[in-house]
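Visitor: Sending over a structure as structure tokens; questions will come in a sec.
Every read-out reported here was derived from the displayed coordinates using simple, explicitly stated rules and does not represent laboratory data. Bear in mind the structure is a predicted one, so any value in this text is a computation, not a measurement. When we count neighbours, we look across all protein chains shown, and the Cβ atoms used for this are built from the backbone with ideal geometry, even at glycine.
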Amino acid sequence: MNKLEMTEKIMVAKAEKQLTWEKMGKALGCSHVWLTSVCLGMNSAPKDTAFSLTEYLGLEDDVAHALMVYPTKVWDQAVPTDPLIYRLYEVVGVYGETLKEVIQEKFGDGIMSAIDFSMDVDKIEDPKGDRVLLTLNGKFLPYKSW
């Protein structure tokens, strides 16, 4: 089973059981954002998490095995060469679909504004190496029906 087939099975089971990523994350004892990324095929799951998830959703072992496979993280875009910009681009490439899924689950069908938007960058000192904290704060803009 490939990652696309795995994701399709998970999404069908999630919808049939009327689950949210947050509820699934709590039930499995992990971050719902990380779990979303795993289920969308952009990260791999450890064996125990993979089998716990498939048991929770009532799915076959082949789904658990696909969850454990290391993904190839590719997207069809030109990649910037500046190292810092590249890493931000990588974050969106790897977690973009995850963010979209989680945001739309919480807010509905729409987008985060980049016009009514603020961003903050903080440094968090850490003995293992300083950390970068990015805060992106955009107004939610729902799509309108007409």
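Visitor: Arranged by the count of other C-beta atoms within 10 angstrom, fewest first, what order do T36, T7, T81 take?
Guide: Least to most surrounded, the residues fall as T81, T7, T36.
Visitor: How charged is the neighbourhood of K23? Take every other residue with its Cβ under 13 Å from the Cβ of K23, and add Lys/Arg as +1 and Asp/Glu as -1.
Guide: Details: positive: K14, K17, K26, K106; negative: E22, E105.
Here the charged neighbours net out to +2.
Visitor: OK, next. What list do you get for I124, I111, I85, I10 if you sort them by fewest beta carbons within 10 Å?
Guide: Arranged by neighbour count, lowest to highest, I124, I111, I85, I10 become I124, I85, I111, I10.
Visitor: Say each of K139 and I85 gets a label point 7 Å from the Cα, pointing the same way as Cα to Cβ; how far apart are those two points in nm?
Guide: 2.8 nm
Visitor: What is the spread of the Cα atoms of the range 1-108 along each of their three principal axes, largest first, in whole Å?
Guide: 44, 31, 22
Visitor: In addition: GNM, the chain, Cα, under 10 Å: largest mean-square fluctuation among K100, K73, K128?
Guide: K128
Visitor: With labels modelled as points extended 7 Å from the Cα through the Cβ direction, what inter-label distance (nm, one decimal) is found for K128 paired with E8?
Guide: Calculated label separation equals 3.9 nm.
Visitor: Now for a separate question. Work out from phi, with θ = phi - 60° and the Karplus expression 6.51 cos²θ - 1.76 cosθ + 1.60, the ³J(HN,Hα) of each residue of the range 123-133, listed in order in whole Hz, and give x for Gly and Pro.
Guide: Computed from phi, the couplings for the range 123-133 are 9, 10, 6, 9, x, 8, x, 4, 10, 9, 10 Hz.
Visitor: Pick from F117, F107, F51: which is most flexible by mean-square fluctuation in a GNM of the chain where alpha carbon atoms under 10 Å apart are linked?
Guide: Between F117, F107, F51, it is F117 that shows the largest mean-square fluctuation.
Visitor: Could you please report the charge total around A64, scoring K, R as +1 and D, E as -1 over all other residues with beta-carbon less than 12 angstrom from its beta-carbon?
Guide: Taking every other residue near A64 into account, the sum is -3.
Visitor: For V63, V121, V92, V38, what's the fewest-to-most ordering of other Cβ within 10 Å of each Cβ? Walk me through the intermediate numbers first.
Guide: On the way: V63 22, V121 8, V92 12, V38 25.
With the sparsest Cβ surroundings first, the list reads V121, V92, V63, V38.
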